[in-house]
Amino acid sequence: MSTDDDGVNTICPYCGVGCGLSLESGEAAGDVTIKPWFDAPVNEGALCVKGGASTEVVAHEDRLTSPLIREDGALREATWDEALEHVVDELERIRDTYGPDATGFFASSKVMNEENYLLQKLARRYGTNNVDNCTRMCHASTVYTLRNSLGAGAMTNSMADLRDHGDVLWIQGANPAEQHVIAHSHYFRQAARDGATLIQIDPHANKTTKDVDRHLQLEPGTDIPLLNVVLETILEEGRLDEAFVAERTRGIDHLKATLADFDAEAAAETCGVPLEDIREAARIYAEAGNAAIFTGMGMSQHRCGVDNVQNEVNLALLTGNIGRPGTGVNPLRGQNNVQGTCDVGAMPNVLPGYREVDDDEARSSVEDVWGFEIPSEPGLTNVEISNASGDSVHGLYVVGENPVMSEPDATEVETRLSDLEFLVVQDIFMTDTAEFADVVLPATSWAERGGTVTNTDRRVQLMRPATDVPGNTRHDLEILCEVGTRLFGDAAGFDFDGPEAVFEELTAVAPIYHGLSYERLGREGVQWPCYEPGDEGDQYLYAETFDTNDGRGVIRGVRHTEPAEGPDEEYPLVLTTARLEEHYNTGTMSTRSPTLRRRTPENFVDIHPEDAADRGIEDGDYVRLRSRRGEIVLKASVTEDIKAGSVWTTPHFSDARANTITNDVLDPLAKIPEYKAAAAAVERV
Ligand code: SF4
């Protein structure tokens with residue numbers, strides 16, 4: 001146990017910034033208080049309101065403390081032996097009856113690297129690549145584009161070098177002041193104080209807007225036309241970096257051909273932003289010494305999410321703003337281990353370290369370590385698994401995920417999960433998804449277990465246990481080891497005595513982690529790639545070459561794809577969604593925190609005063625928000641933060657579940673749902 005002056009050093013369980021904190025434990029299990037960890041590498045002791053309230057859920061009265069088994073329609077308490085035997089029997093029965101691809105496995109970024117690594121190994125030992133994680137819902141399109149066009153599905157740079165060297169910070173579809181608070185306060189704001197220009201592109205005015213120099217408030221789902229105006233301006237005015245484009249990229253002709261018949265005025269009109277405002281922003285970006293792009297779920301969560309992010313890559317490559325400090329394309333990732341969950345291979349198409357599952361050489365090198373054959377066909381993504389439930393999928397093993405809240409068209413998800421023959425959920429609370437489970441396995445929380453997490457700028461950091469295990473709970477790792485050993489035998493590769501042993505195996509199969517060890521991580525963590533024990537890790541990527549086949553960054557022109565649903569007579573508004581400062585994803589933890597609940601007790605919808613007046617809605621009224629998939633009732637917030645014709649709400653609240661009404665249409669390549677644009681109607685209740 002590593003300690004600072006007053007406690008155990010660990011990492012905040014919420015967002016991908018990865019702030020360090022110290023926990024001081026009392027006598028009773030779960031009795032932990034936060035002390036600042038003043039020399040924590042990312043945040044130097046500072047925490048936002050969520051991080052500061054994070055211990056409130058550790059000893060919460062709703063914590064699951066016993067395994068549960070469904071009997072005669074109701075869940076009853078069971079022993080671990082009974083519950084695990086039931087899980088193993090059902091997994092075996094489904095595999096023997098339908099084959100291994102009839103079961104899906106959901107990993108989660110709320111869970112640590114070692115646990116996600118073990119879950120994907122379990123799935124592959126079972127005989128399927130049907131394993132996926134919640135990145136599919138947030139940044140799958142970003143990861144897809146960055147991997148294919150640059151080489152690694154991760155932030156190209158680091159928060160620290162962007163603060164120290166960035167002259168222009170281009171923030172598109174992200175709201176760091178609320179969603180990555182310490183990144184905003186410690187890095188973005190500091191950069192602004194040091195003279196950097198901040199440009200925000202977002203349909204919703206939010207807390208970030210208060211700190212930026214320019215806000216281009218575009219219509220939801222029009223990021224491609226806006227960026228095409230930017231690219232066309234740079235090309236037309238000769239503001240590109242011709243030497244960089246010639247020496248380090250390919251595809252410029254494709255971009256030029258795509259923009260050959262481009263009508264910038266019409267594009268600006270589509271975006272709802274004055275043409276000259278976009279052109280001026282383009283000039284500021286192109287003329288900066290170092291310009292960095294930050295990209296969020298406002299870009300990724302569209303049916304054209306891959307193309308949206310490609311256009312950001314186009315912008316960075318065209319101007320040579322990549323491969324040095326203060327530049328690049330930088331996704332702001334949502335959860336504290338969202339990067340690591342992909343790094344460790346909890347995805348249907350890649351093995352640990354992002355090596356393709358259908359690459360014979362990559363598969364063979366992992367098989368040598370694991371000692372069993374890995375299926376070669378990529379599996380289903382999590383939305384595909386949910387959609388196939390009851391048809392080709394009959395079993396589902398969920399660790400830390402909550403698809404009933406997180407997936408679009410959530411009422412249909414409930415129906416699908418009800419059609420499963422067997423559902424096991426492993427979590428710390430009785431989630432909305434666990435209500436449908438046949439077996440519920442109570443896991444320990446972030447404050448009670450150790451392991452590693454990888455934050456948004458690729459920093460692998462150690463989390464450490466600070467308090468005892470409550471009730472009859474077990475660590476996720478211990479549960480997965482037990483299930484693996486019961487399923488496949490003592491010598492099947494699931495017999496680990498703790499997270500460090502699992503991490504050692506992970507470093508053997510994931511090249512980007514080869515040089516890491518718990519000892520190396522120490523108090524500071526290390527930013528991958530770290531190929532050898534002596535590697536210090538990289539603050540920024542692609543200094544010399546890109547990790548593509550020919551070492552060049554890929555420029556590819558893209559055209560506007562309208563949202564799948566446009567407004568019409570019955571649903572005349574466009575609904576878009578985003579997260580709040582006070583709450584976190586499906587609300588499992590944050591809505592149970594008294595401090596956070598007090599600050600934002602319920603869901604609400606932002607509606608423009610003109611749209612509100614048309615419907616006789618006043619601020620604070622309860623309204624019905626409808627789409628083709630269902631309806632929710634929530635409070636109206638009448639505000640000019642959203643433009644007329646659009647409405648905006650949040651995904652955190654189970655009793656006014658936004659995903660009841662979001663659209664489940666997917667990006668064809670990344671399979672990410674279009675959460676950010678759906679036709680909707682609203683009226684007073
Ligand atoms: Fe936790 Fe993120 Fe807040 Fe830091 S910014 S304290 S990691 S929620």
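Please treat every number below as a calculation from the coordinates, not as lab data. Computed from a predicted model, the values in this text were never measured in an experiment. Every residue, glycine as well, gets a Cβ built from its backbone with ideal geometry; the counts of neighbours run over all protein chains shown.
Points to keep in mind about this one:
- Relative contact order of the range 3-57: 31 percent, from C-alpha pairs under 8 Å at least 6 residues apart in sequence.
- Percent of C-alpha pairs per 5 Å bin in the range 243-290, short distances first: 5, 16, 15, 21, 23, 14, 5, 0.
- Cβ-defined net charge surrounding LEU119, 12 Å radius [Lys, Arg +1; Asp, Glu -1]: -2
- Extension gain for ARG193-ALA246 works out to 15.6 nm (0.36 nm per residue, less the C-alpha to C-alpha distance).
- Listed by chain and number, the lysines placed with their C-alpha closer than 30 angstrom to that of LYS256 are LYS671, LYS676; residues fewer than eight positions away on the same chain are left out.
- Approximate shape of the range 33-150 as ellipsoid semi-axes (Cα gyration tensor, √5λ), whole Å, largest first: 34, 26, 12
- Summary of the geometry: the range 60-109 and the range 260-296, compared by the centres of their Cα atoms, lie 51 Å apart.
- C-alpha center-to-center spacing [the range 487-557, the range 576-597] in angstrom: 31
- Modelled FRET efficiency - R0 41 Å, ARG559 with ASP641, Cβ distances, 0.05 increments: 0.85
- Cα convex hull of the range 3-57, projected area averaged across orientations, nm²: 3.5
- Listed residues CYS271, TYR675, PHE488: farthest to the positive end of the dipole of the chain (Cβ charges): CYS271
- Between the amide H of VAL605 and those of LYS635, ALA636, SER637, distances stay under 5 Å, these residues lying 5 or more places away or on another chain, with hydrogens modeled in the peptide plane.
- Taking packing as the residue-averaged number of other Cβ atoms within 10 angstrom, the listed peptides 276-288, 77-89 run from highest to lowest as 276-288, 77-89.
- Simple point charges give the picture: +1 on the Cβ of Lys and Arg, -1 on the Cβ of Asp and Glu, and for the range 138-335 a dipole about the Cα centre of about 880 debye.
- Charge sum, other residues only, whose C-beta stays under 13 Å from ASN290's C-beta, Lys/Arg counted +1 and Asp/Glu -1: -4
- The range 578-655: radius of gyration over Cα atoms, expressed as a fraction of 2.2 N^0.38 Å: 1.13
- Taking the charge dipole of the chain about its Cα centre, with +1 at Lys and Arg Cβ atoms and -1 at Asp and Glu Cβ atoms, the residue from GLY99, SER654, PHE38 reaching farthest to the positive side is PHE38.
- C-alpha center-to-center spacing [the range 424-478, the range 332-348] in angstrom: 15
- Dipole of the range 138-335, positive end: most advanced residue of ASN290, ALA316, GLN190 [Cβ charges, Cα centre]: GLN190
- Phi angles of the range 620-631 translate, via the Karplus equation with coefficients 6.51, -1.76, 1.60 and θ = phi - 60°, into HN-Hα couplings of x, 5, 7, 10, 9, 10, 10, 9, 5, 9, x, 8 Hz per residue; Gly and Pro are given as x.
- Summed over all non-identical Cα pairs, the Kirkwood treatment of the chain gives a radius of 25.3 Å.
- Charge tally in the Cβ shell below 12 Å around ALA257, where Lys, Arg are +1 and Asp, Glu are -1, ALA257 excluded: +1
- Radius ratio Rg over Rh of the range 297-400, counting only Cα atoms, Kirkwood formula for Rh: 1.04
- Cα centre as origin, Lys/Arg/Asp/Glu Cβ charges: the chain dipole, Debye: 980
- In terms of packing, defined here as the mean over residues of other Cβ atoms within 10 angstrom, the peptides 646-655, 137-146, 497-506 line up highest first as 137-146, 646-655, 497-506.
- Three-way shape label, the range 138-335, alpha-carbon gyration tensor, a/c 1.5: rounded
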